Each structure stands twice: as C-alpha cells, then as structure tokens.
Amino acid sequence: MIDNWPILSIVTFLPLAGVLFLLLIKGDEKALAQNSRYVAMWVSGFTFLVSLPLLIGFDSSVAGYQFEEKAVWLAGTGIGYHMGIDGISMPFVLLSTLLTPLSILASWRAITHRVREYMIAFLVLETMMVGMFVSLDMLMFYLFFEAVLIPMFLIIGIWGGARRVYAAFKFFLYTLLGSVLMLVCMLAMYIDAGTTDIPALTAHQFAETMQTWLFLGFLASFAVKVPMWPVHTWLPDAHVEAPTAGSMILAGVLLKMGGYGFLRFSLPMFPLASEYFAPLIFTLSIIAVIYTSLVALAQSDMKKMIAYSSVAHMGFVTIGIFTMTEQGIAGAMFQMISHGLVSAALFFSVGVVYDRLHTREISAYGGVAAVMPRYAVFFMFMMLASVGLPGTSGFVGEMLVLVGAWHASSWVAFFTATGLVLGATYMLWLYRRVMFGAIVNDEVKAMEPMQMREFSIFLPLTFLVLLFGVYPMALLDVMAVSIQFVLDGLSASGLPLMAAN
Amino acid sequence: MIFDLADILPALPEMILATLALVLVLVAAYGGEGAKNARRVTRIALGGIVLALMLIWSGTAADETAFGGMFMADSFASYMKILVLLGTFGALYMSITPLAKDDINKPEFALLVVLALVGMMLMISANDLMSLYMAVELQSLPLYVVAAMRTNSLRSSEAGLKYFLLGALSSGMLLYGASLVYGFAGTTSFSGIAAAVSVDQLPVAFIVGMVFMVSGIAFKISAAPFHMWTPDVYEGSPSPVTALFAIAPKVAAMALMMRLTYGAFGAIEAEWSQVLIALSIASMAVGALGAIMQRDIKRMMAYSSIAHMGYALAGLAAGSHQGALGVMIYMTGYIFMGAGSFAIILLMRRDGQSATRIADLQGLSRTHPMLALGLMIMMFSMAGIPPLAGFFGKWYVFLAAVNAGLVPLAVVGVVMSVIGAFYYLRIIKIMYFEETDEPLDTDMPTANKMVLGVSIAVILLFFIGLSPLLEAANLAATALMTQL
C-alpha cells in the first residue's frame with residue numbers, strides 16, 4: 001500500500017503544512033517564540049522520518065527514476081507535474097531533510113527575535129530545496145530553484161550580522177542574474193523539444209551549436225550557485241553575515257544545487273558542449289581551488305575562512321563532474337554529500353563559540369580546547385574530514401576526484417592535489433590558533449561547556465562522516481547505476497570517453 | 001441609424017454601464033453633497049460593474065460584431081473586459097474607505113470612473129477607426145478630470161493638466177495616424193484596412209500613419225519614450241485615482257494595441273514588430289533604471305508599470321498567437337499585483353495624512369506584519385520570482401519572444417528584470433531589515449483587506465489556476481488572430 005503513496009510530494013510539501021500551522025498559533029511573544037521552535041522542530045523532524053522510506057525503498061540496481069509521480073498540470077503544453085528520484089538526487093533529498101531539523105536545532109538559542117518568521121522561512125526553504133531535487137519537470141525545477149532565493153534573502157537580511165543588507169542583496173542579485181540567463185535557455189529548449197519533461201529532454205538531441213549556447217546559459221546559473229571562480233564573491237559575504245543555521249543550509253545544501261544541475265542538465269542534455277567546455281571548467285576550478293585556498297589562509301574571520309574553503313571544495317566537485325569518468329563523477333557526488341555534512345558541522349562549530357563570545361575573529365580565541373574539550377574533539381574531527389583524512393568521508397571524495405582527474409589530464413590532477421595541501425595548511429592552522437595555546441582572552445575562560453543540544457547536532461553528522469569514510473560503498477552503491485546511466489548517455493552521443501571502463 | 005436587438009445584445013454590458021452613468025448623474029446631482037452621497041454613488045457603480053462582469057462571464061463564446069462592424073464582441077474582448085472590470089472594481093471599491101478624507105470623496109468620482117470604464121470597454125471592442133477614437137476619448141476625458149480631483153492641491157491640478165496636455169497630444173497623433181491610414185485604405189473598418197494592407201507595395205505614408213497610431217497608443221500604456229507623464233501623474237493624483245490609473249486603463253490600451261496590430265495591421269507584422277521591439281526595450285530600461293532613484297512609492301510604481309508594459313510588449317512584438325497569449329497572461333497577473341500593491345499604498349498614512357515616501361514603509365514588518373507580508377509578495381511577484389504570478393507572465397511573453405527568434409530581446413528583458421529586482425528588494429529591505437519609531441496608522445478598512453486578500457491569493461496560487469487561464473487565453477488569442 002505504501003508503494004502507492006506520493007511520498008515525494010508529501011516530503012516536499014509537508015513543511016508548508018507546518019508553515020500554515022505556524023501562521024495560526026497565537027500567544028504572547030515569549031510563548032509564541034518557544035512554540036514556533038517546537039513546531040518547526042517537530043515538522044522538520046517528521047519530514048525527515050517521512051523521507052526515510054525513500055532510502056529504504058530505493059532500488060539501487062535501477063537506472064531510471066523511482067517513486068515517480070505524474071499529474072496533469074498544464075494540459076497539452078508539454079508541461080506537467082512530474083517528480084521522481086534516482087541515485088543522484090536521492091542523497092540530496094535526505095541531506096536536505098536531515099540538515100533542516102539540525103539547523104533549526106542550531107538556532108534554538110541564537111535566534112531570539114522574530115522567531116516565528118524565522119521558522120517559517122526555514123520550512124519554506126526546506127520545501128523549495130527538496131522540491132528542486134525531486135522535480136523531473138524543468139519548469140518545476142526552475143520554480144523551486146529560484147524560489148529558494150526568497151527565504152534565504154530574508155534569513156540573511158533579517159537575522160544576519162552587521163553588513164547583512166549588503167550580503168543579502170549581493171546574494172540575491174548575483175544568483176538571479178545567473179538564473180535568468182538559464183531561463184532564456186530553458187525557453188529555447190522548451191521550444192526545440194516541445195516539452196519540459198526532464199527525461200524527455202535528456203533523450204532529445206539538441207543541435208551542436210545550440211548546445212553550446214544552452215551550456216553557457218546554464219553555466220551562468222550553476223557557476224554562481226556552486227560557486228565557481230570568478231563569480232564566487234557573493235559567498236563569503238553571504239556566509240559571514242548569515243546566521244549560523246543559514247550558513248549551514250547554504251553550504252550544506254544550496255551550494256549543491258549547482259553541482260546537481262550540472263549532473264542533471266548540462267552533462268546529459270548538452271554532452272557535446274560539455275566535452276567542448278570541459279577545459280574551461282577545469283581551468284576555472286583549478287584557479288578556484290588554489291586561489292581561494294590562498295585567500296582562506298589570509299582570513300582573520302573564522303566563518304570567512306570556512307566559506308573560502310567551501311569554494312575550494314566545490315572546485316573539486318566541478319573538476320570531478322567534468323572529467324566525465326565514473327570515478328570523477330562518483331567522487332564529485334561523494335564530495336558534495338561529504339561537504340554538505342562537514343561544512344554544515346564546521347559552520348555550526350563556529351556558531352557554537354560565536355554564541356558564547358559573539359565574535360568570529362580568530363585572534364579573540366586561543367586555548368578553547370582546555371575549556372571545551374568535547375567540543376574540541378568534534379571540531380577536530382570535522383576539520384580533519386574537511387582536509388580529507390583517510391577514514392572520513394572527505395578522503396573518499398577527494399581521492400576519487402583525483403583518480404578521475406588523472407584520467408582527464410595529469411596536470412589537472414597535479415594542480416588539484418596542490419589544493420589539498422593548501423587546504424590542510426589553513427585548516428590545521430585555524431585549529432591551532434583557536435583551540436590550542438595559552439588562553440589570552442579572559443572571556444574564553446568563562447565559556448560554558450557544550451550543551452546536550454549542541455552535542456545532538458554534532459552526533460548525527462559525525463556518525464555519517466565516519467560511516468561514509470569507513471564504508472563508502474554505502475553511498476557509492478546508491479549512485480553507481482545512475483552515474484553509469486549518465487556516462488552511457490555521454491558515450492551514446494559519440495564522445496570518446498576518457499574513462500577506463 | 002436603426003438599432004436592432006442584434007446590435008444591442010453584444011454591447012449589453014456597455015449599454016448598461018452607460019445608462020448607469022446617466023442615472024448616477026441624477027443621483028449625484030440630487031442626492032446631496034458630501035461623503036454619504038459619494039458612498040451611495042460608488043456603491044451603485046460597484047453594483048453595475050458586478051452586473052456587467054456577470055453578463056460578460058456568462059456570455060456566449062461566439063464572436064459577434066455589432067453596429068455595422070464597428071463593435072467587436074469576441075472571446076478576446078471578454079477576457080480583457082473581465083480584467084478591466086475587475087481592476088476598476090478593486091480601485092473603486094477601495095476609494096470608499098472612511099480613511100479617504102481626500103477631496104475625492106465626491107459623488108462625481110465614481111460617476112466619472114464609470115464613464116471611463118465604458119470608454120475602456122469600447123476600446124477593447126473597437127473594430128473601426130471611428131469607434132477606436134471615440135472610445136479612447138471617452139476613456140481619457142473623465143480620467144483627466146479625476147486626476148485633478150483634489151482641487152486644493154497644486155500637485156493634483158498639475159497632474160491633471162499634465163495628463164490632459166500630453167493625452168491630447170497623443171490623441172492628436174492617433175488621429176493623424178488614423179487619417180493617413182484611412183487615406184490609403186479608403187475605409188475605417190479594421191477588416192477593410194487589413195484587406196488593403198495585404199498588397200505588396202505599401203506607400204510610406206501608410207507606414208507613417210501606422211507608426212503614429214502605435215505611438216499614440218504607446219502614450220496610453222505609458223511605454224517609453226512616451227512615458228513622461230506617468231511618474232508625475234501617478235504622484236500628483238490622489239492615491240485611489242493612481243490605483244485606478246495603474247490598473248485598468250493600461251489593460252484597455254494594451255488590448256487596443258493588440259487589436260490594431262494583430263488585426264488591422266496583421267499583414268505588415270514586420271513593420272510594426274520593429275516599433276514594438278524598440279518600445280519594449282526602451283520601456284524595460286527606463287522602467288528598471290528610473291525606479292531605482294525614486295523616493296516616492298507612487299513614482300516608483302509608475303516606473304514599475306512602465307517596465308511591466310515593456311515586458312508585455314516583448315510578447316506582443318513576437319506577433320504570434322503565443323505572443324498574444326503571453327500578453328494576456330501577463331496582464332492578468334499585472335492587475336492583481338497592481339491592485340494588491342495599491343491596497344497597501346492607500347493605507348500608507350500617518351496621523352491621517354497620506355505618507356507615500358518609500359522611507360515611510362520603514363519597519364512595516366514590525367508594526368503591520370500582514371501588510372508587510374502582502375507587499376513583500378507583491379514585490380517578489382513584480383520582480384518575476386517564481387512561483388508567483390509575475391513569473392508566469394514573464395515566462396509566456398519571453399517564450400513567445402524566443403520562439404519568434406527575438407532572443408536578444410529576451411536576454412535584454414531578463415537582464416533588465418534583474419536590475420528591476422533591485423528596487424523591489426529595496427522595498428522589502430525597508431520593511432523587513434529596518435526599524436522605525438514612527439509607525440503608520442493602523443486602521444485597516446475592509447475594502448483594502450478584501451482586495452489585498454484576493455490579490456495575495458491569486459498571486460500565490462497562480463500556478464494552480466494557470467491551466468484554465470491558459471485555456472481561456474488560448475481561446476481569446478485564437479479569436480484575436482482570426483477575427484476577420
């Protein structure tokens with residue numbers, strides 16, 4: 001019976017039911033705030049539970065879409081309501097439904113004004129994120145993809161730091177400019193193929209010159225989202241100004257929208273153009289990896305440093321995708337999931353100490369490990385996962401990307417590996433300056449130890465990072481067939497594949 | 001001329017409203033001065049509008065002409081008339097609030113609006129140069145008067161005068177163009193003109209006439225570079241009047257533009273398409289860039305409407321069935337965005353005085369959370385952010401433009417929409433990211449609540465109703481393309 005349930009629609013729109021509920025509750029400000037927190041927590045937690053059948057019922061031996069739902073929306077125009085997941089989108093759906101309750105928990109004490117509005121924004125954001133990953137209709141995808149901007153704009157702008165207005169505007173306008181160019185391409189694709197159904201578009205052959213333009217249009221949007229150098233400059237601002245939970249979602253899920261877009265649209269639909277532009281992507285990504293790592297080294301603000309490290313890590317992702325090899329794409333996927341978990345945990349780590357000291361300046365800290373030993377362990381673990389220590393998920397992703405990159409070009413692999421070294425440098429240095437050394441700041445001494453709430457956010461993230469590090473097949477198995485399907489599509493289009501299949 | 005039933009029936013809604021206007025003259029004259037009578041007149045007018053709406057809604061889908069082909073009642077006319085009636089109803093409904101202590105609380109106001117409404121409906125149905133010009137004038141003259149309705153305000157008088165002078169100029173252009181077209185075609189009926197232009201060699205004078213006519217109508221929809229009057233008139237007129245200007249006449253003039261280009265000049269699409277592309281790009285640019293500098297929200301809305309007309313014209317410039325459909329979808333979203341925004345702008349008062357600077361919205365999210373939420377939805381929709389109504393309008397007009405090979409126009413359009421997003425976001429920023437010590441008044445009349453509520457619902461749930469809407473627009477576009 002449960003097979004016939006529209007689980008994807010339920011997972012997508014359940015948070016909106018929570019929004020309606022939040023709009024209805026009344027009470028004085030304090031009770032309202034507390035109730036809003038609980039409602040949001042329960043709704044998003046329940047959404048996570050409802051999304052679990054997607055994992056349990058997922059058949060990883062099938063290449064096509066599963067849990068498909070189709071309904072008539074705009075009859076006779078080739079635009080319909082179509083949802084479904086495959087091995088590429090399923091991990092992202094679960095990542096979104098997992099990170100949302102964790103971020104709500106992370107903002108439990110940090111957000112004290114306009115709590116109800118805040119929770120509404122987060123639940124709307126969850127609907128948009130999940131909807132984007134499960135959409136199998138291009139117009140629906142675009143609706144969700146763009147609508148994400150609305151709650152995120154408000155989260156940064158209302159609950160952000162000192163320069164929040166600037167950051168919110170920059171985030172919104174940058175992303176919008178990329179997206180509208182993609183929109184024009186989508187119109188052209190719709191006209192050419194007569195449908196916006198994603199599987200049908202994947203099967204459709206676009207003319208070669210058209211592919212070139214379409215690829216560039218989509219690149220404009222996805223490059224901003226990923227973000228790739230040189231259109232990454234919105235990210236450090238947005239991260240620094242966003243509240244902790246906003247950064248967690250931004251780094252954890254929203255950045256993955258670009259990578260997901262490459263895998264869902266660019267590679268399968270414009271294979272010839274992807275091949276043609278791969279060197280460009282490699283160049284931009286390598287610059288991103290090395291340049292932003294160097295920039296990260298120079299930061300004095302913890303959040304900004306982690307934000308730049310995100311750009312570098314996402315550089316690995318784009319390199320992996322455009323190697324167009326099995327290892328490279330699997331590595332990119334793995335890296336995205338891993339980065340989703342690790343960067344969310346790292347931003348939360350910054351949030352933990354920020355809640356206590358209200359500064360993100362690295363120099364204000366030092367010797368925190370002595371005061372908060374348990375916190376120090378978690379932070380260290382996540383920091384090492386970010387660096388790519390074997391045994392953590394970060395290692396698997398980076399290693400696979402490097403293997404894929406080696407197939408593409410040894411130079412690409414060489415420069416990518418350089419980024420790894422630099423990454424280790426700034427992260428370890430950050431950790432030493434914050435955690436070790438003598439306590440110079442008296443306020444650090446007075447910091448209270450980690451709470452149960454904070455512990456319970458770290459725990460699931462740590463568990464998953466460790467699980468995927470020790471047993472990567474748990475994730476690789478799920479994705480393998482779908483990735484092979486993408487590669488088959490590429491080779492069917494006549495591309496000499498670099499993969500050593 | 002002998003009237004028979006076959007003539008009267010297609011034009012029944014207009015007849016009823018015209019008769020109603022005459023009755024209202026009596027009510028206004030003998031019902032006494034003052035606000036009470038003004039409300040009475042307005043209520044009767046609203047009743048008449050509802051009646052007309054119901055008649056059109058339940059009307060037959062068959063295409064009919066009346067009065068010797070001068071009046072066209074097809075499903076395109078019905079679609080556009082419903083929009084115009086809804087928009088006028090919203091604006092008029094909000095004008096009777098007890099808050100409106102402006103001098104527009106006079107019985108004449110509703111009466112003039114009904115007359116203008118008849119003009120607008122005739123514009124939509126115009127199928128002949130004569131009825132076209134008559135309708136345009138019938139629409140314009142009452143509106144000149146209501147713009148200057150606040151007699152003790154210099155700004156209002158200025159607005160009225162400016163509107164009148166530039167409107168008269170545009171009417172002159174329209175008339176001059178019409179005379180050239182008539183001179184060549186030898187007939188004033190659209191079908192006759194359409195037949196006459198289907199020849200290979202057209203004299204230059206005819207093209208000049210066509211351009212003059214298009215320019216004249218471009219004045220009415222305030223497309224750049226014929227937009228100069230818009231910001232001043234919007235700002236100077238009493239707010240309920242501005243609300244009306246922003247919604248209904250634009251739809252009517254756009255319908256007239258479609259009727260003229262697709263119908264009478266259908267065969268020379270290549271000629272007018274260039275003009276529309278130029279108008280479209282200019283309007284999008286002027287609207288987007290001009291609005292950034294504005295401090296008054298009514299002026300900002302003026303530039304915003306210029307930009308919206310630019311987007312709609314991009315669909316029209318495609319010259320296809322799809323383009324007509326896109327414009328109709330766009331205008332549908334447009335009237336609700338306009339009505340919803342003005343429902344809030346009308347409430348912007350401090351100590352009973354209207355306060356329409358953008359800065360007056362500061363901290364609105366704290367003092368009036370529901371209003372702020374409403375205005376935010378309107379702004380995001382106007383910026384074209386999905387899944388709101390404004391996005392679907394843009395999707396369909398740019399779809400038509402891309403399909404007609406006008407990709408550069410579409411690219412310019414979407415880039416301008418990003419620039420435009422900046423000033424819509426600025427409103428949201430002022431409401432949500434800033435605090436204030438001087439809150440606006442909290443009175444919230446039912447009329448504004450209703451209009452705002454309906455507009456929010458339509459804009460949020462536009463995607464649900466899109467399917468039947470597309471069907472209706474599709475039918476209307478077909479009627480427009482095959483009217484002859």
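What follows draws every value from the coordinates through simple rules; no lab data is involved. Being a predicted model, the structure only gives us computed values, none of them experimental. Note that we place each Cβ from the backbone using ideal geometry, even for glycine, and neighbour counts take in every protein chain shown.
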Lys and Arg at +1, Asp and Glu at -1: neighbours of B:N37 with Cβ under 11 Å from its Cβ sum to +3
The local net charge around B:A73, scoring Lys/Arg +1 and Asp/Glu -1 for residues other than B:A73 whose Cβ lies under 11 Å from its Cβ, equals -4
Kirkwood-based Rg/Rh on the Cα set of region B:5-481 evaluates to 0.95
For the table B:K36/B:K81; B:K81/B:K298; A:K26/A:K170; A:K256/B:K298, the rows whose alpha-carbon distance is greater than 32 Å are A:K26/A:K170; A:K256/B:K298
Across all Cα atoms of region A:2-492, Rg and the largest Cα-Cα distance (Dmax), in Å, are 21.4, 71
Square roots of five times the C-alpha gyration tensor eigenvalues of region B:105-226, ordered largest first and given in whole Å, equal 32, 16, 9
As straight-line cross-link partners of A:K70, the qualifying aspartates and glutamates (C-alpha separation under 19 Å, not fewer than 8 residues apart within one chain) are A:D3, A:D86, A:D137, A:D197
Inter-part gap, Cα centre of region A:83-142 to Cα centre of region A:174-188, in whole angstrom, is 22 Å
What helix-only [θ] at 222 nm does chain B give? Using -39500 (n - 2.57) per DSSP H run of at least 4, over all residues, to the nearest 500, the answer is -24500 deg cm²/dmol
To the nearest 20 debye, chain B has a Cα-centred charge dipole, built from +1 on Lys and Arg Cβ and -1 on Asp and Glu Cβ, of 900 debye
So the angle from the long Cα axis of helix B:321-345 to the longest Cα principal axis of chain B, reported in degrees to the nearest 10, equals 20 degrees
Calculated from DSSP helices alone, with each H run of at least 4 adding -39500 (n - 2.57) and the total divided by the residues of chain A, [θ]222 nm to the nearest 500 comes to -24000 deg cm²/dmol
For region B:5-481, whose charge dipole is built from +1 on Lys and Arg Cβ atoms and -1 on Asp and Glu Cβ atoms, the candidate among B:S125, B:G68, B:L346 with its Cα farthest towards the positive end is B:L346
Given unit charges at Cβ for Lys, Arg (+) and Asp, Glu (-), the dipole magnitude of region B:318-472 about its Cα centre in debye, nearest 20, is 320 debye
Region A:414-486 and region A:300-365 have their Cα centres apart by a whole-number Å value of 8 Å
Between the residues A:S293, A:I56, B:L313, the Cα farthest towards the positive end of the dipole of the protein assembly as shown, that dipole coming from +1 and -1 charges on the beta-carbon of Lys, Arg, Asp and Glu, is from A:S293
With Cα coordinates, the longest principal axis of chain B makes an angle with the long axis of helix B:369-382, in degrees rounded to 10, of 30 degrees
Looking only at aspartates and glutamates whose Cα falls under 17 Å of B:K106's and that sit 8 or more positions away or on another chain, we get B:E33
Relative to chain B, whose Cα atoms define the longest principal axis, helix B:35-58 and its Cα axis are tilted in degrees, nearest 10, by 40 degrees
Answer in debye to the nearest 20: the dipole magnitude of the protein assembly as shown about its Cα centre, from +1 Lys/Arg and -1 Asp/Glu charges placed on Cβ, is 2220 debye
The farthest towards the positive end of the charge dipole of chain A, of the residues A:S456, A:I156, A:Y365, given +1 on Cβ of Lys and Arg and -1 on Cβ of Asp and Glu, is A:Y365
Computed over the Cα atoms of the protein assembly as shown, the Rg and Dmax in Å are 30.4, 103
One finds the C-alpha centres of region B:114-172 and region B:208-253 to be spaced, in Å, by 10 Å
